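Read the structure below first, then the notes.
Bear in mind these aren't lab numbers, they're just calculated from the coordinates by the rules spelled out. On a predicted model such as this, the values are computed, not experimentally measured, just so you know. Glycine also receives a Cβ, built like all others from the backbone with ideal geometry; neighbour counts cover every protein chain displayed.
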C-alpha cells in the first residue's frame, strides 16, 4: 500500500507555513519594491521642482543685472565675476548645499557667473528643461532656464547621488520596521495556521480514542465540509476493517465449533464407556472414541494448514511437479477410498508437469480428491486426470457424487461452508477452502462444473500456471 | 419420553443417541434444520436438543420458526459457541437452556430431566399413586412397597401412562413412546406390553376403552 514519495512533508503546518510564508515574502518584496519606486519618483519630482524654483529664484535675484544687460547690450560682454552679484547671504545659502548644487549663468556662449561646484561645461545649453551630465566625480542633473530677450541662460544643477542618499535613507528607515514586522507576522501566521488546523487535531484525537471494538463510522455532519472526503474514506476503511473483524470472528466461532464438536463426541464416548458394563458395547464405544480423537486431530491439522496458508505471502517458490504431487496424493488417499468403497483412476499424458511449490500442489490435489471420495457413493469412481494447455496445467477430479448445485458453487470454497451434501459426509467445510487458498497462492483458479457426460457427479478443475523451463 | 436430537456431526449424534436411549428415552435424530422442523411438526417431543451450526443454516433460525408457529417443546441448545452474546441470542430466540460443548453427560441428562419435568408441570421425577411409585430418574418401579423389575418397553409404557394419570393415552401415542425412528412397529407390541404390566403389577391397574386407549385412573 505504501506509495513512493520523493520527500514526505515533515509536518502539515510546516509545509503550509513554508508555502504561505514564501508567497508572503514575495508579496512583501513586491510591495517594498513598489514603495521604493514610488518614493524615488516622488523624491525626483520634489527635487526637480526645487531645481525649477531654484532657477527662478536665481532669475529673480539677478533681475536687475539682467535688465541692465538688456538695456545696454554689449557686443562682447566682459566676464563679470563680481562677488556682489550675489549677496553674502545668497552665497551662504548656496554654500550650504555647495557640494551638491551648482549654478551657471551663460551669456552669449560664455559663462558669466558660476558656482565653484559642478561639472566642467564647455558649451552653453542648447535647450531648456532638464538634462543630465556626467561630471568627473558625479552625475549632475541640470535645469536650464533661457532668457532669450537678454541672451542669458540660467542653469541650476544638482548632483544625482544626493537623491540616492535620500532614497537610501528612506529605504533604511523602512527596513527597520519591516524587519521587525516579518517575524511578528510569521509568528501570527504560525499561530493562526495551528488554530485553523485544530479541527484536524480533533479528528486525530477522535481516531486515537477509537478501540478495535469501536468501528462505527464517523458522523459526516460533525466535521467541516473540506474534511468530508477524508472522513468518507476513513469510514470506508472502518467499514472494511469491521467486515474483516466480523469475518475473523466468524472464522473463530466456526473453528471453535469444528474443534469442540469432535471433542464433545470424545468426551461423551468416554463417559459412555465408563457407564457401560457390556464388553462388546464397550469395545464399540472405544473404537468410536479413537475415531473421534482422529477426527479432532485431523480438524486441528486442517485449521493449522489454513492458518499457515493465511500467513503465507506470494513468494518465490521452489519448483514442483504437479504429476508427482497428484500421484502422491492419490497414494495417500488410496486407503480412505478403499474404506469408502470408491475406486480411484488416474490418467495423464507422458512427461513432467513443472509447476510451483510442491506442498501447495499436494494440498490442492489431496483436498480435491478427498472431497470427491467423501461425496462418492459406494462403488463409485473418482477419476483424476492431468492436462496441459499452453501456459497452464489442469488438474481434473471427477466424482459420481451428488454434485454441487449451481447456486452453491461460489460458496463451497468459503471456510466452513458446507453444502447440503457435506452434512451427510460430516465434513467441516475446510477441504475445498484449503484447496482454493493453495491455488490462490499458486496463481491458479478453481472451477466446479457438472460432469460432461451428463451423469450425476462433480467435475472440479484446478488450473495451475505451468513453470517455464527457463524460469527455473 | 420422546426426545429430538438435532446434530449434524455423525459421531456426536450417535453418542448422544446412545446416551439418551440408555437413559430410557426414545430418540429421533435430525441432521439439518429442515429435518428438525419437519420432525417437530410431525411429532410431539418431550424435549429437543438443538445444535446451532447446521449445514443448511443456523439452528437459531429453526428455533425461531418453531416458536413462531407456537411450538412450545422445551429446547436445550447444545453448541460450541460459548460467547455471552450467543447465549443471549439463543435464549432470546426461545431456547430454555444453553449447554456448551464439550458438555458433561450427567449434567446434560439432569438438564434434560429438569426441562421435561418443567414442561410437564411436575414437581418431581417420582410419579406415584397410593400403590404405585415410578422413579423416572432411577428408572425403578415399586408396587405396594415392593420393587418390580420391568423391561424397557414396559417401563416406557408405564411411565407414559403415569405421566398422564387419569387420562387416556391412545395406542399410537404409546407406540410413539416406545419406538425409535428406525425400528419397525409390530402391531401387537402395546398389547403384549400392557399384558406384561398387568401380570407384574395388578390386573386392574391399567384400564382400556376401545377407541380411546389405555389409562391408569386416579384412585381416591
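Between the Cα long axis of helix A:358-375 and the first principal axis of chain A there is an angle of about 50°, rounded to the nearest 10. Within the range B:1-133, what percent of beta bridges assigned by DSSP are antiparallel, to the nearest 5? Here the antiparallel bridges make up roughly 15 percent for the range B:1-133.
Neighbour counts of C-beta atoms inside 10 Å place B:65, A:132 in the sequence A:132, B:65, starting with the fewest.
At 222 nm, what helix-only mean residue ellipticity would chain A give, in deg cm²/dmol to the nearest 500, using -39500 (n - 2.57) for each DSSP H run of four or more? Here the helix-only value at 222 nm equals -18500 deg cm²/dmol. Placing pseudo-labels 7 Å out from each Cα toward the beta carbon at residue A:15 and residue A:327 gives an inter-label distance of 6.0 nm. Angle of helix B:152-163 to the longest C-alpha principal axis of chain B, folded into 0 to 90 degrees and rounded to 10: 90°.
Per-residue ellipticity at 222 nm from helix content only, as computed over chain B with -39500 (n - 2.57) for each DSSP H run of at least four residues, stands at -12500 deg cm²/dmol.
Look at the stretch A:274-284: the mean tally of other chain Cβ atoms within 10 Å of its residues' Cβ atoms is 1. The angle separating the long axis of helix A:12-61 from the principal Cα axis of greatest extent in chain A is about 10 degrees.
Mean per-residue shielding of peptide B:26-34 is 1, counting Cβ atoms of other chains within 10 Å of each Cβ.
Would you mind ranking A:102, A:336 so that the residue whose beta carbon has the fewest other beta carbons within 10 Å leads the list?
So the ranking, lowest neighbour count to highest, is A:336, A:102.
For the segment A:231-243, counting C-beta atoms of other chains within 10 Å of every residue's C-beta and taking the mean gives 0. When DSSP beta bridges are limited to those with both residues in the protein assembly as shown, what percentage is antiparallel, rounded to the nearest 5? Beta bridges within the protein assembly as shown, antiparallel portion: roughly 75 percent.
Under the simplified labelling scheme, the residue A:37-residue B:65 pair shows an inter-label distance of 8.8 nm, with each label point 7 Å from Cα along Cα→Cβ.
Residues B:45, B:214, ranked from the fewest to the most other C-beta atoms within 10 Å, line up as B:214, B:45.
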